[in-house]
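To keep things clear, I will list the structure first and then write my remarks on it.
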Amino acid sequence: MKGYELFEDAVESLDLYPVFGNPGTTEIPMLRKIKGYILTLHDSISVGMADGAAQGSGEAALVNLHDLPGVANSMAFIHTARINRSPVIITAGQQDMRHAFYDPLLYHNLLSLVGEAVKYKVEVTQASDIAPAMARARSIAMTPPMGPVFLSFPMNVMDQESTKVDLVKHNPNVNSVDKEAVLEIVDIINHSSNPALVYGYEIDAFNAHDEAVDFAHALGCPVYGEPLGSRAMFRSSDTSYAGDLLPATTLINLKLLQHDLIVFVGGDITLYPYLPSPLLPGKNVLFVGMDVSNRIGRSYTMNPKLFLSAAKSMVSRKGNFRRADDYNFVTTVARERRDMGLNFVMSSVRKNFEGYTIVDESISASPIVRSVMGYSHLRYFSARSGQLGWGIPAAMGIATVTDRVLLIIGDGSFMYTVQSLWTAKRYDIPLKILVLNNGGYSILKSYSKSYYPGLENADFFNLSLDIASVAKGFGVEARIADNNLEEMAWLREGKQVRVLVVNVNSEIPKLFL
Amino acid sequence: MKAMAILPAFLPIDEIKASTGQILPDLDVRTDTDFDRSEADVLVVTTFTRVDSELLEKFPTLKFLQVASTGYDNVDLNAVRNKGVMLSNIPVANKESVAEHVIAMVLSLLKDMRFLDNELRNGNWPMITGSRELKGKTFGIVGMGAIGIRLAERLLPFEVAIVYHDVRRLPEEREQNLGLTFLPFERLLEVSDIISIHVPLTRETDNMFSSSEFGKMKDSAILINTSRGEVVDEQALIGAVKGKGIRAGLDVFPAEPPDFSSELFKLDNVIFSPHIAGVTLESQQRFITETVSNVLRYAQGVDPLYRVQL
């Protein structure tokens, strides 16, 4: 078989269709047999789509990039897939190696370019390695903590001959639980006086929500979400849920002040901005999961779902925490109705999009989006990297594996990868997009107001965009919401991609100290 | 149509006669009930006149009784029902002033105004105060009629959570617009930092707040009563103020004027007003306007507004 036939056979055998990509000439040789391809109008969008599809399905997803420009264009998205622990298999065409000595057009050392953003990288130099390299890359991508891998395919390899290899789609065994470690952790918990639980993204990735709730109830202590969690960290409707930690040392310390033991399960700490307080001084801090950083405290590597299940019956009850009922929200919604405040808007979203998967790139509105929409299994996704532009592609990717997906995005973020709308329209992706239009980069204004007062008024933070017209330019139906948000129902209707712009209150939120 | 108005003598009767004479020339305005018989088919009273079967017997042709007040517990409803007379009150004219009065009392208690005022009058300059903010508190409203609704509207800018209880729940859309969360009465008692009462006096609301209810309230919670004095058990309130630091603002009392020798008037955490929450110059003007308008409606053959279901 030719190299390109071996490539296609590996894609099929490893169940990696569709291929997301934006090809160039160097990729043409490897795509000759490819059967399912979703075209995006910028290289990076294909990585974002694959990231979304991978997280939404729990399976690896395949991307095809165009050599140096394609990889370079996509670096922020590859980094985000790394931070999101998303099993994305990135392939790129490489120049014909027979004239590499002459530094031809598009030629570059792609492995050095992709650098530390991937878990595994290889340039395949002979056809016989194509299939094994694809299988190996997939397995590494799927091994927790999951993440992107990269394969470079020189053009000339695709016309080399080799024999077919029978590949087996094999997922790594992650059902490991260390019984001695479980006993040690349980002993520490039982000797604590006032523990707190912090759950992270792995609760969702391992579908450990039931176990997480049961464990929290057995302990009777509050549950917090890890700072800036990329997906549903806990079933937030449960009365054990005490909110998410904020991504700053001082704020984390204050929130956990009364606790002597902090147990992180399936999560870690993400910080920004810098604050001078040390992190959790004097506290006993444990981390349990497949993705532990060993930065502070003690770390135990094991399957978080199995840990929670095993430890539940062994821990002593330490309290009777029950989150207080929130009567403020209803009043806040009524008050904000007058000036299109975010709580009012999100209250309407919650009524209209119950059961939808929420993809969140609302940035400055994200705390309210998370709080109002809540978390449950596979119902919340966000980029933990801080990148803008991920939202539309990722939401499209998720919408390729499940319907009922709502993207909530800011006006600034929307413009980064707006040409994604062409792909959504072209492939009938049933994505609903809600644009919270506050006329600028609100997160930058908020930061400026906290640290450099006056700068929030800088003109370069302001945008004035006709988003509905831009969307219509791609053939996508778009409307601007009225004061009663009647168009929410319109946005929900039908399977076609639709965009609803809500002109929200542009008051600068206080998001920093 | 013949109409009579029986008004308390402290009102400016001559001015009222002069103004109503321009609108209802045949209106007989008086300040007493010392007469044997009236041919009036419309009677206007305030809460200062007891309307019972004895008074009603003096009006053989009476068709419509208008109480120029929100409350109408001065009216014997059975006697009115038996006589087949329509009854209306004016439930809207004083809602602004009562709502503002409630907020004034709450802010006064939260801000420790009585203590601070006394300190300065005594030549002191206190450096520490237990003053608290209204923002962020849970405000419970018991009784969501016209006054309760206006109070909720006025409270929205204060960024409080507003919970309420009423025998009849508002429609969902109305609740959403006002930012209200309906709660069972006992739950409202448990979660509220401030409770304001706006219920009519009925068999069910008589002593609605007694020892059991105070026992369920948060320590140091604030109770405001601008409805009827009988709704709150005075002795139980005294016990709650002394026992769990309940603070109270009282505009109404079981007997008015009250017994000023009561221990109630010796408590620091209670402020008082003389059943005057609904009385402002503006509200009195609205009462007159609404009352006259309703009588005119009747005179034109149109059903009067604010009918009381008998």
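Worth a mention:
- Of A:TYR300, A:ALA72, A:MET97, farthest towards positive along the dipole that unit charges on Lys, Arg, Asp, Glu beta carbons give the protein assembly as shown: A:MET97
- Residue of B:GLN235, B:GLN66, B:GLN176 that the Gaussian network model of chain B assigns the largest fluctuation, springs spanning Cα pairs under 10 Å: B:GLN176
- Label separation (B:ARG169 vs B:ASP206): 3.0 nm, computed from points 7 Å beyond Cα along the C-beta direction.
- In segment B:1-133, inverting the average of 1/r over every pair of distinct C-alpha atoms gives 17.9 Å as the Kirkwood radius.
- Dimensions (Å) - chain B, Cα atoms, principal axes, largest first: 64, 49, 33
- Label-to-label distance, B:THR129 versus B:ALA79, with points set 7 angstrom from Cα along the beta-carbon direction: 4.9 nm.
- Shown here for segment A:421-513: trypsin sites (Lys or Arg not before Pro) in loop regions (DSSP other than H, G, I, E, B) with at most 10 other Cβ atoms within 10 Å, namely A:LYS510.
- Cα extents of segment B:85-239 along the three principal axes, largest first (Å): 59, 35, 32
- For A:LEU41 and A:ASN462, the difference between the fully extended length at 0.36 nm per residue and the C-alpha to C-alpha distance is 148.9 nm.
- Furthest towards positive pole of dipole, A:GLY48, A:ALA81, A:GLY58, structure part segment A:26-107, Cβ charges: A:GLY58
- Estimated from helical segments only, the mean residue ellipticity of chain A at 222 nm is -9500 deg cm²/dmol, where each DSSP H run of four or more residues counts as -39500 (n - 2.57).
- Environment charge at A:PRO509 (Cβ cut-off 14 Å; Lys +1, Arg +1, Asp -1, Glu -1): 0
- Only Lys, Arg (+1) and Asp, Glu (-1) charged, at Cβ; chain A dipole about Cα centre in debye: 880 debye
- Residue among B:ASN177, B:ASN269, B:ASN207 with the largest mean-square fluctuation in a Gaussian network model of chain B, springs linking Cα atoms under 10 Å: B:ASN177
- Gain on full extension, evaluated as 0.36 nm per residue between A:ALA489 and A:ARG136 minus their Cα-Cα distance, stands at 122.5 nm.
- Structural size metrics of the protein assembly as shown, computed from C-alpha coordinates, are Rg and Dmax of 35.6, 124 Å.
- Magnitude of the charge dipole for chain B, about its Cα centre and with charges confined to Cβ atoms of Lys, Arg (+1) and Asp, Glu (-1), is about 540 debye.
- Note on B:177-184: average number of Cβ atoms from other chains within 10 Å of each residue's Cβ is 4.
- Where labels lie 7 Å past Cα in the beta-carbon direction, separation of A:GLU116 and B:THR61 in nm: 10.1 nm
- Placing unit charges on the Cβ atoms only, positive for Lys and Arg and negative for Asp and Glu, gives segment B:146-208 a dipole magnitude near 200 debye about its Cα centre.
- Residue pairs exceeding 22 angstrom between C-alpha atoms, taken from A:LYS255/A:LYS318; B:LYS111/B:LYS266; A:LYS318/B:LYS216: A:LYS318/B:LYS216.
- Using R0 = 56 Å, the C-beta based FRET efficiency linking A:ASN109 and B:GLU190 works out to 0.25.
- Helices of chain B meeting both criteria, an alpha-carbon length of 20 angstrom or more along the long axis and an average Kyte-Doolittle score not below 0.0, with helices taken as full DSSP H segments, are B:95-110.
- Across chain A, the longest run free of exposed loop sites, meaning GluC sites (Glu not before Pro) lying outside DSSP classes H, G, I, E and B with no more than 12 other Cβ atoms within 10 Å, spans A:1-353.
- Remark: the Cα gyration tensor places segment A:80-184 in the oblate category, a/c being 1.5 or greater and a/b not exceeding b/c.
- Segment A:235-297 shape via C-alpha gyration tensor axes, a/c threshold 1.5: rounded
- The spread of Cα positions in segment A:423-509, taken along each principal axis and listed from longest to shortest, comes to 46, 29, 17 Å.
- Residues whose amide H falls under 5 Å from that of A:ALA478, counting only those 5 or more places apart or on a different chain, are A:VAL499, with hydrogens built in the peptide plane.
- Straight-line cross-link partners of A:LYS432 among the lysines, defined as a Cα under 21 Å from its Cα and at least 8 positions apart when in the same chain: A:LYS351, A:LYS472, A:LYS495.
- Anisotropy class of segment A:345-408 from Cα gyration tensor, a/c 1.5 cut: oblate
- Helix-only arithmetic for chain B: the sum of -39500 (n - 2.57) across DSSP H runs with n ≥ 4, divided by the residue total, places the mean residue ellipticity at 222 nm at -10000 deg cm²/dmol.
- Counted over all Cα-Cα pairs of segment A:114-251, pairs farther apart than 26 Å make up 48 percent.
- Distance cut-off 12 Å, percentage of C-alpha pairs in segment B:216-263 lying past it: 63 percent
- Efficiency of FRET from Cβ geometry, B:ILE276 and A:SER450, R₀ 51 Å, rounded to 0.05: 0.60
- Considering only B:PHE158, B:VAL85, B:LEU170, and ranking their Cα positions along the charge dipole of segment B:82-219 that arises from unit charges at the beta-carbon of Lys, Arg, Asp and Glu, the one farthest toward the positive end is B:VAL85.
- Ignoring aspartates and glutamates fewer than eight residues from A:LYS35 along the same chain, the ones with Cα atoms less than 20 angstrom from its Cα are A:GLU5, A:GLU8, A:ASP9, A:GLU12, A:ASP15, A:GLU27, A:ASP43, A:GLU59, A:ASP159, A:ASP166, A:ASP428.
- Average partner coverage of A:378-387, which counts Cβ from other chains inside 10 Å: 0
- Whole-Hz Karplus values for segment A:277-287 come out as 5, x, 8, 6, x, x, 9, 8, 10, 10, 10 Hz, taken residue by residue from phi with 6.51 cos²θ - 1.76 cosθ + 1.60 and θ = phi - 60°; glycine and proline positions read x.
Here, each number is a calculation from the coordinates, and none is a lab measurement. What you see is a predicted model, and the numbers here were worked out from it, not measured in a lab. So basically every Cβ, Gly included, is an ideal-geometry build from the backbone, and we count neighbours across all protein chains shown.
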